[in-house]
Every structure is written in C-alpha cells, then in structure tokens.
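Take a look at the structure set out below.
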Amino acid sequence: MSVLPFLRIYAPLNAVLAAPGLLAVAGLTIPDLSGRSRLALAAVLAVIWGAYLLQMAATLLKRRAGDVRDRKPAIAIDVLAVLVPLAAFLLVGTPDRSLYCAVWLLKPLRDSTFFPVLGRVLANEARNLIGVTTLFGVVLFGVALAGYVIERDIQPEKFGSIPQAMWWAVVTLSTTGYGDAIPQSFAGRVLAGGVMMSGIGIFALWAGILATGFYQEVRRGDFVRNWQLVAAVPLFQKLGPAVLVEIVRALRPRMVPAGAVICRNGEPGDQMFFVVEGRVSVATPNPVELGPGAFFGEMALISGEPRMATVSAATAVSLLSLHSSDFQMLCSGSPEIAEIIRKTALERRGAAPMA
Ligand SMILES: Nc1ncnc2c1ncn2[C@@H]1O[C@@H]2COP(=O)(O)O[C@H]2[C@H]1O
C-alpha cells in the first residue's frame, strides 16, 4: 500500500509542528533546566525530526512522480529541515546542537501563499523601496554629521565621531529613543526633534509603498480571475477592449450554495448578476431556470422598481455581480449590450407580469 495518501493528510501538520519544535529549542537554552526536562525537550525535537524525515520522503517521492513544478522551495525546505539538525547532531557539541533545529522556522513558509505575493510586491516596488531606503541613508548620514558637529565637544564619549553619532541618528530616526545618547545643547535638541519627524515620514513612506503594492497585487489577482470568469459569459464578447477591462474590474465574483436565495421578490435591487457556472431558478408563476451565460436582476436596475421575482440557486452557482453604477458604465460603453439587456427585460416583463 502506498504511504503517499497518509503523508498527504499529514502534510499540513508540518508547519504546526514547527511551533513545539521551536519552543523546545527555546526551552533548551534556559540554563537551570532540570535534566529530565532537557531529556523531554530533546525527545520532542527527535519526534518532530522524525516527522520531517517522513515528509521529506513524501516530497521526494512526489518529485519522482514528476510533480516537481514550482516545488523547488518546498523540496529545499524539507531537505534542510532534516539535514541541518542531522549534521548538527553529528558534528556540533551538545549545548548548541539543538539551536540548529531553528531551521524549522522555514517550515511555515513552505506552503504559504503569502510569501510569493510578498516577493512579487517587493519586486514590483523595488524602485520605490530603493528610493526611500536611499533617502533614509542620506538623511541618516546628514543627521549623524550634524549631531557630531553640534555635540562632539559637549559629549565626546557619545558623539565623538560620525560612526558614534550614527548610532544616535538611527535610534532617533526610527523614533526608538533608547535614551543612551541624548543631545545636551539647544541646537542638538532642535535637530533631534526634526530627525524624529522626518523618521516618521520616511517610515510612513515605506509603509505606504508596501500597502499600495499589496493592494495592487491583490487587485491584479482578482482581475485575472475575473477575466477568466468573464470569458464564460458570451454577452461580454461583444465588448471592446477598453470597456471590457473596466467591466472586468467592476465585476465581483460570488459563489452561492445550492438552495440559497440570491435576490428576493419586492426588495430593492442595486446589482445584476451573470451566471458563470451552475443554474439559478426564477420563481415566476411558471418557474424558469437560467444557466451559464444568462443574466438576471437587470429589471430592478433598468426600472428602479423592486425585484420582480425571487431568484435562488438551483445548484451551487458561480456568479459575477455588477453594481448599478457600473451597469450604467456597461450600458454607455456598449449600446449593443444595453439593447440586449433592455430587450430581455421587456420580454421577461411581458412573459411574467407580476405584482
Ligand atoms: N420570466 C422571466 N424569465 C427569466 N427571468 C426573469 C423572469 N422574470 C423575472 N426574471 C428575472 O428575475 C429577476 C428578479 O430581479 P429583477 O426584477 O431585478 O430582475 C429579474 C429578472 O432578471
């Protein structure tokens, strides 16, 4: 019997296992720990190492099965998690041996989807980040120089050289303020105030660049996913590229489980829906089912009246929703689609006159 299914179930545990492992590593650095506790913590490390050995075997077996695409970081982490502690056990003296198990810090990164995103954000924003970092370096040197010139005679032991003053500059610029070096002169204090303010500004710039980078990366992911979904709705194939891009940005994907109500008769409506996959049921006197490519919820947007019918998911359904303001944009960008939607709404109104 193959061990792969078992190992697959166990795989998500590997990141969780790192936590007790790292706690054991930390525990073993406590000097006055009893011999029994030390033994227990060493046993924890041995068990986790064994588990990681199994996982490495699974990863390498999968590799042989040809599943190596995009798995190089995972393979590297699995191999390091086993080999580094093993090498330490064989080559390093007792007190520091367990420290090498700290390589398990890498384990939670193994299957994380966050770190690839972080990598893309750093790559995309590299120019801006390097710019702000350069600014930081320039300000740091300038501040250390000014601190040295102003304070060197008053506190030669703290500001006697630019490298010494640089420590004060870093601590002040980052607004950490250990208090081990404090300007004594009036000019020095004015300088310190200015440095703190500019430090806040520089860190805010870093934070802003990263936050914008993450936002754009998430939006880009949404855009690609929406683009694929939009391809499943034939109506959108009539759109020109410019409007299509706008619509893809405006559409929101939504998964609805079978049986759930999507919109209710009599409620106000502020969005319409396109069916990507699955079927919805429209509760008209003669119930109608709509499948992939169809749309609904347009009548409330066109007439401004409440919903004409309750629509629920006949199966699990994947939808794209379009808000009323974006619906106007769709209609003005593509009169052809606007006409189709209006005609359909008219036909439906004629087919199912409701209260
Ligand atoms: N006879 C019908 N056939 C298909 N869909 C309908 C019919 N009647 C109403 N609908 C849809 O059900 C939706 C309910 O919300 P709206 O009134 O906004 O828009 C409605 C139409 O999209």
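The values are calculated or read from the model by the stated rules, or taken from the named source; none is laboratory data. Just so it is clear, the model here is predicted, and its values are computed rather than measured. Here the Cβ is made from the backbone with ideal geometry for all residues, glycine too, and neighbour counts use every protein chain on show. With ligands, DNA and RNA removed, areas are computed over all heavy atoms of the protein, side chains included. Shrake-Rupley method; radii C 1.70, N 1.55, O 1.52, S 1.80 Å.
Return a yes/no flag: does the stretch 306-317 have any residue that is within 7 Å of the ligand (Cβ to nearest atom), in contact with a Cys (Cβ under 9 Å, 6 or more places away or on another chain) and assigned to a loop (DSSP other than H, G, I, E, B).
yes
Considering each residue of the stretch 271-290, count those that are surrounded by 14 or more Cβ atoms within 10 Å (Cβ to Cβ) and over 23 Å from residue 231 (Cα atoms), and give that number.
Matching residues across the stretch 271-290 total 4.
I'm trying to understand the selection: among the residues of the stretch 273-294, which are part of a strand (DSSP E or B) and within 7 Å of the ligand (Cβ to nearest atom)?
Listed by number, the residues that qualify are 282, 288, 290.
Return the residues of the stretch 99-118 that are more than 10 Å from the chain's Cα centre (by Cα) and outside any helix (DSSP H, G or I); say none if nothing qualifies.
Correct list: 110, 111.
Restricting the stretch 322-351 to residues that are surrounded by 18 or more Cβ atoms within 10 Å (Cβ to Cβ) and touching a strand residue (DSSP E or B) at 6+ places or on another chain (Cβ under 8 Å), which is nearest to residue 239 (Cα to Cα)?
330
Answer yes or no: is there a residue in the stretch 56-69 that is in contact with a helix residue (DSSP H, G or I) (Cβ under 6 Å, 6 or more places away or on another chain), modelled with pLDDT of 95 or more, within 16 Å of residue 101 (Cβ to Cβ) and part of a helix (DSSP H, G or I).
no
Using the structure shown, decide if residue 332 is closer than 20 Å to residue 223 by Cβ and more than 12 Å from the ligand (Cβ to nearest atom).
No; evaluated as a whole, the condition is false for this residue.
So, residue 162, is that one within 37 Å of the chain's Cα centre (by Cα), of a type outside the set (Asp, Glu) and more than 30 Å from residue 246 (Cβ to Cβ) or not?
No.
Residue by residue through the stretch 116-172, note down the ones that are aromatic (Phe, Trp, Tyr), free of Cβ contacts under 8 Å to residues at least 40 places away in the same chain and open to solvent by less than 50 Å² (accessible area, probe 1.4 Å).
Those that are aromatic (Phe, Trp, Tyr), free of Cβ contacts under 8 Å to residues at least 40 places away in the same chain and open to solvent by less than 50 Å² (accessible area, probe 1.4 Å): 159, 168.
Can you name every residue in the stretch 230-259 that is open to solvent by 30 Å² or more (accessible area, probe 1.4 Å), closer than 23 Å to residue 310 by Cβ and either in a helix (DSSP H, G or I) or among the aliphatic types (A, V, I, L, M) (or both)?
Matches in the stretch 230-259: 255, 258.
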